[in-house]
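The values are calculated or read from the model by the stated rules, or taken from the named source; none is laboratory data. Since the structure is predicted, the reported quantities are computational estimates derived from the model, not experimental observations. Glycine gets a Cβ as well: all are built from the backbone with ideal geometry, and neighbour counts include every protein chain shown.
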Amino acid sequence: MTATAEAAIVTEGLTKRYEELVAVDHLDFQISKGEIFGLLGPNGAGKTTTILMLLGLSEPTEGQARVVDLDPTRHPLDVKRVVGYVPDNVGFYPDLTGRQNLEYTAKLNRISSEVFESRIQTILEQIGLADAADRPAGTYSRGMRQRLGIADALVKEPQILILDEPTIGIDPEGTRELLELIRNLRDDRGVTVLLSSHLLHQVQSICDRVGIFVRGRMIAQGPVRELAARHIAEEVVTELAVTDWERAGEALWTVPGIKRIDRQADHWLLVSEKDVRPEVSKVLVERGIGILHLRRRDEGLDEIYTRYFEGEDSGRIN
C-alpha cells in the first residue's frame, strides 16, 4: 500500500504473533486526515492489539505502521504527542475533580499553566462537562468518565484521536451525545478519528469508512454503501411471503437466476444473481399463488458484517 500525503495512519503487512497465536495478520489499511474510520470486529479480533502497535506500546512481529509519517516503534514518544488515546475503561484519580485531572495531564505534557487553564475550560465546555468540572471524578457516571477521557486526550491538541470501545456501558442517550461529540471534533477541529468497536449501528452512524476485522485480518474496508454494493453486484436478496408455500416452492425453482432459497419463520429469502422480482411475480400470479409481500432487502452494516464474518467471504482480503 502506498501512503499518500493526506494519510494520517498507514499500515503495511502489520503483524503481531504471540508464539503460535497470530493476533494481527498482515494488516494493510490507510486512514486519511480528517476521516472517521471504524475498526469493526468481535471481541478478540485483534483491534486493541492493532491500536497498541499504532501507539508504540507493542512492537510488531512483522510489517510496519506510520502515524502522521512517524514510525511508532522507533519514535513512540513523538507519536504520543500527536495522538490522543481513550481506552475502553478510562481511569482517573477519583478524589481529584475533573478539572484537576485534566490539569495533571497538562503538566505531564509540559503545557504551561498560562496555556492549559484557558484550553481546559474551552475543552470542558465543548464536551459538555463545564458544570461538573469541579466535582470529584469519582462521582462521575460512566458516560461522564468517557467524556472526561476524550477531554484528557484533547488537552495536548492531538491530530489523531483513537477511541477503543468508547460507548460500552453508556445508556442510549449518552451514546448518542458521545457520538455527536466525536463527529463535532472532526468537523470543528479537523481531528482524525480511529474508532474501534463491535457495535454495528454505532459505527455505521458515524464513520466515513469501515474496516471489518475478523481473526486478526482486515477482510473488507470501505464506505458502508460500497461494501453493500459489492454484495449487490454478486447476489441479490429478496424477501418473499406467499399464501401457498408448498406450490410456491416448486414454482420458484423455475425462475432463472435463483441460487438459494432460505426459509425463515414467516418468509423466504431468495438469493439470486440479479433482481428477480418481476419473474417471481409473473410465475406466482400465473399459478394463482397470492403474494403477501415481495421486496428487495437493502443491506446495512449488520447484514454485511454477518456475511463477511460467517460466510464465504471470511477468507477474502480487500
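How many of the residues making up the stretch 70-109 are of a type in the set (D, E, K, R), farther than 24 Å from residue 33 by Cα and touching a residue at least 12 places away in the same chain (Cβ under 8 Å)?
3
Give the residues of the stretch 59-68 that are in contact (Cβ under 8 Å) with a residue 40 or more places away in the chain and in a loop (DSSP other than H, G, I, E, B), sorted by residue number.
60, 61, 68
Would you confirm whether any residue within the stretch 214-232 is closer than 25 Å to residue 85 by Cβ and of a type in the set (Lys, Arg)?
Yes, because at least one residue in the stretch 214-232 is closer than 25 Å to residue 85 by Cβ and of a type in the set (Lys, Arg).
Could you look through the stretch 36-47, keep only residues that are buried (at least 19 other Cβ atoms within 10 Å of the Cβ) and of a type outside the set (A, V, I, L, M, F, W, C), and pick out the one that is farthest from residue 209 (Cα to Cα)?
Looking at residues that are buried (at least 19 other Cβ atoms within 10 Å of the Cβ) and of a type outside the set (A, V, I, L, M, F, W, C), I get 46.
Any residue at all in the stretch 43-55 that's out of contact with any strand residue (DSSP E or B) (no Cβ under 7 Å at 6 or more places or on another chain), at pLDDT below 95 and more than 23 Å from residue 203 (Cβ to Cβ)?
Looking for residues that are out of contact with any strand residue (DSSP E or B) (no Cβ under 7 Å at 6 or more places or on another chain), at pLDDT below 95 and more than 23 Å from residue 203 (Cβ to Cβ), one finds none in the stretch 43-55, hence no.
Kindly list, by first and then second residue, each pair from a residue in the stretch 142-160 that is within 17 Å of residue 171 (Cβ to Cβ) to a residue that is among the hydroxyl-bearing types (Ser, Thr, Tyr) and part of a loop (DSSP other than H, G, I, E, B), limited to pairs with Cβ atoms under 9 Å and residues at least 6 apart or on different chains.
Cβ pairs passing all conditions: 143/167; 146/167; 147/140; 148/140.
Starting from the stretch 266-286, take each residue that is more than 16 Å from residue 247 (Cβ to Cβ) and list its partners that are surrounded by 17 or more Cβ atoms within 10 Å (Cβ to Cβ) and among the hydroxyl-bearing types (Ser, Thr, Tyr), counting only C-beta distances under 7 angstrom and pairs at least six apart or across chains.
272/238; 276/238; 277/238
Output the residue which, of all residues in the stretch 277-299 that are over 16 Å from residue 255 (Cβ atoms) and in a loop (DSSP other than H, G, I, E, B), is nearest to the chain's Cα centre (by Cα).
Applying the filter and picking the extreme gives 299.
For every residue, the table says whether it meets (1) within 25 Å of residue 221 (Cβ to Cβ); (2) at pLDDT 90 or above; (3) touching a helix residue (DSSP H, G or I) at 6+ places or on another chain (Cβ under 8 Å); (4) buried (at least 23 other Cβ atoms within 10 Å of the Cβ).
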site	(1), (2), (3), (4)
147	no, yes, yes, yes
151	no, yes, yes, yes
169	no, no, yes, no
173	no, no, no, no
177	no, no, yes, no
180	yes, yes, no, no
190	yes, yes, no, no
193	yes, yes, yes, yes
201	yes, no, yes, no
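Being under 30 Å from residue 199 (Cα atoms), in the same structural domain as residue 34 (by TED's automatic domain parsing) and free of Cβ contacts under 8 Å to residues at least 60 places away in the same chain, is that true of even one residue in the stretch 110-124?
There is at least one residue in the stretch 110-124 that is under 30 Å from residue 199 (Cα atoms), in the same structural domain as residue 34 (by TED's automatic domain parsing) and free of Cβ contacts under 8 Å to residues at least 60 places away in the same chain.
Look at residue 292 and say whether it is more than 25 Å from residue 224 (Cα to Cα), among the hydrophobic types (A, V, I, L, M, F, W, C) and exposed (fewer than 11 other Cβ atoms within 10 Å of the Cβ).
Working: more than 25 Å from residue 224 (Cα to Cα): yes; among the hydrophobic types (A, V, I, L, M, F, W, C): yes; exposed (fewer than 11 other Cβ atoms within 10 Å of the Cβ): yes.
Yes: the conditions hold for residue 292.
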